[in-house]
Amino acid sequence: MYSNEYIYYDMEFNRNIVCFDVETTGLNKAQCRIIQIAVVKFNPNTHEILYQNSWYVKPTGVYDIDYSSTKVHGLTKEFIEEHGVPLASIIPDILEVMKDSDILTYNGTSFDIAILQKELDREGMYDVDLYEDRLFIDSFDIEKSFNSLKLVDVYKRYTGEELDDAHNAFADVMATIEVFKYQKKKYDVSESVNRTTTNTTTSPEGFIAYDEDGELVFTGGKYKLRRVVDICKNDPSYIKWMWGKNGDSVVSIRTKRSIEAAYRKESL
């Protein structure tokens, strides 16, 4: 019934894809912690599932779960304390699965990936760069060009079925894979994939981006749409604020590297 609509496009991918989703203690990307992570690896051309797993995660140190977040995903601190495992115990498995693979999320390139990278930094794994040498695909980014954006609506649009257990990380991952399978048949997703990859590798949290002229600019705040290199020169205190202190940076390491690279290039 549905497959006959998707006969015009089917972008070929050279590598396997890892789709993942996290549930967190809150929405503050600098401070929130992962309390559930689901990872599924699949062949994007045959749709064969190669690996799947889901874990509840008990954050290290002091943490709490925002009531507003619990209302969304249903996870309480009591549940996580009983069922969660240390992130350090599963990181080797997650990194092994992600190795030599592209990454797929649903509205996760500016959140889920950034949160996982931040957790790796907390574990002292500064040599691990999730953004290096891979494509980033976001079914949300693809979909927003054409249709309504809620995952439950998108899932029903493509499959004709209701999405049960929404906001459970594993259910959301499997739904995202199903949506992406249909999207890459219906649309030429290459432009979206390239745009998402560029934006994600430049600044995972979307703090800076390239404008139409290829200039690196701030996307918000008091210097919205101003050139990053100009602010580096004219207001270094703002850059110092972004860098933060005591390891609690306002921006990710990847964003710092993009700013530093732009400033060095301008200074040559």
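The values are calculated or read from the model by the stated rules, or taken from the named source; none is laboratory data. All values reported here derive from a predicted model rather than from experimental measurement. Glycine also receives a Cβ, built like all others from the backbone with ideal geometry; neighbour counts cover every protein chain displayed. Heads up: the accessible areas ignore ligands, DNA and RNA and are worked out on the full protein's heavy atoms, side chains in. Shrake-Rupley method; radii C 1.70, N 1.55, O 1.52, S 1.80 Å.
Is it true that Ser110 is part of a helix (DSSP H, G or I), in contact with an Asp or Glu (Cβ under 9 Å, 6 or more places away or on another chain) and open to solvent by less than 50 Å² (accessible area, probe 1.4 Å)?
Working: part of a helix (DSSP H, G or I): no; in contact with an Asp or Glu (Cβ under 9 Å, 6 or more places away or on another chain): yes; open to solvent by less than 50 Å² (accessible area, probe 1.4 Å): yes.
When the stated conditions are applied, Ser110 does not pass them.
Go through region 9-26 and report how many residues are modelled with pLDDT under 95 and touching a helix residue (DSSP H, G or I) at 6+ places or on another chain (Cβ under 7 Å).
Going through region 9-26, the residues modelled with pLDDT under 95 turn out to be 9-15, 20-26.
From what's left, touching a helix residue (DSSP H, G or I) at 6+ places or on another chain (Cβ under 7 Å): 9-11, 20-26.
Final tally of qualifying residues: 10.
Yes/no matrix, rows are residues, columns are (1) in contact with a helix residue (DSSP H, G or I) (Cβ under 7 Å, 6 or more places away or on another chain); (2) surrounded by fewer than 22 Cβ atoms within 10 Å (Cβ to Cβ); (3) modelled with pLDDT of 95 or more; (4) among the polar types (S, T, N, Q):
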site	(1), (2), (3), (4)
Lys29	yes, yes, no, no
Val40	yes, no, yes, no
Thr60	no, yes, no, yes
Tyr63	no, yes, no, no
Ser69	no, yes, no, yes
Lys77	no, yes, no, no
Glu82	no, yes, no, no
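Could you please let me know if Thr46 is without any contact (Cβ under 8 Å) to a residue 40 or more places away in the chain, surrounded by fewer than 14 Cβ atoms within 10 Å (Cβ to Cβ) and either closer than 20 Å to Ile177 by Cβ or touching a helix residue (DSSP H, G or I) at 6+ places or on another chain (Cβ under 8 Å) (or both)?
So Thr46 fits the description; yes.
Looking at region 192-208, which of its residues are farther than 17 Å from Ala261 by Cα and either polar (S, T, N, Q) or open to solvent by 80 Å² or more (accessible area, probe 1.4 Å) (or both)? Before the answer, list the steps.
Initially, region 192-208 is screened for residues farther than 17 Å from Ala261 by Cα, giving 192-197, 205.
Passing the criteria: Ser192, Asn194, Arg195, Thr196, Thr197.
If I ask for residues that are of a type in the set (Ser, Thr, Tyr), surrounded by fewer than 21 Cβ atoms within 10 Å (Cβ to Cβ) and modelled with pLDDT under 90, which ones from region 141-189 would you list? It would help to see each step written out before you state the result.
Restricting attention to region 141-189, the residues satisfying the condition of being of a type in the set (Ser, Thr, Tyr) are 145, 148, 155, 158-159, 176, 182, 187.
Imposing the further condition that a residue be surrounded by fewer than 21 Cβ atoms within 10 Å (Cβ to Cβ) reduces the set to 145, 148, 159, 182, 187.
Within region 141-189, Ser145, Ser148, Tyr187 qualify.
Step by step: first the residues of region 214-232, then only those that are in a helix (DSSP H, G or I) and without any contact (Cβ under 8 Å) to a residue 24 or more places away in the chain, then the one that is most open to solvent (accessible area, probe 1.4 Å). Which residue is that?
Asp230
Have a look at Asp211, Asp248 and point out the one that is within 23 Å of the chain's Cα centre (by Cα), in contact (Cβ under 8 Å) with a residue 60 or more places away in the chain and surrounded by fewer than 15 Cβ atoms within 10 Å (Cβ to Cβ). Lay out the reasoning, then the answer.
On the way: Asp211 fails: in contact (Cβ under 8 Å) with a residue 60 or more places away in the chain.
Exactly one of Asp211, Asp248 is within 23 Å of the chain's Cα centre (by Cα), in contact (Cβ under 8 Å) with a residue 60 or more places away in the chain and surrounded by fewer than 15 Cβ atoms within 10 Å (Cβ to Cβ), namely Asp248.
Tell me the helices (runs of 4 or more DSSP H) entirely within region 114-198 that contain at least 3 residues that are under 14 Å from the mean Cα position of the chain (by Cα). Walk me through it before giving the result.
Numbers: elements: 139-143, 151-159, 169-186.
Helices (runs of 4 or more DSSP H) meeting the threshold: 139-143, 169-186.
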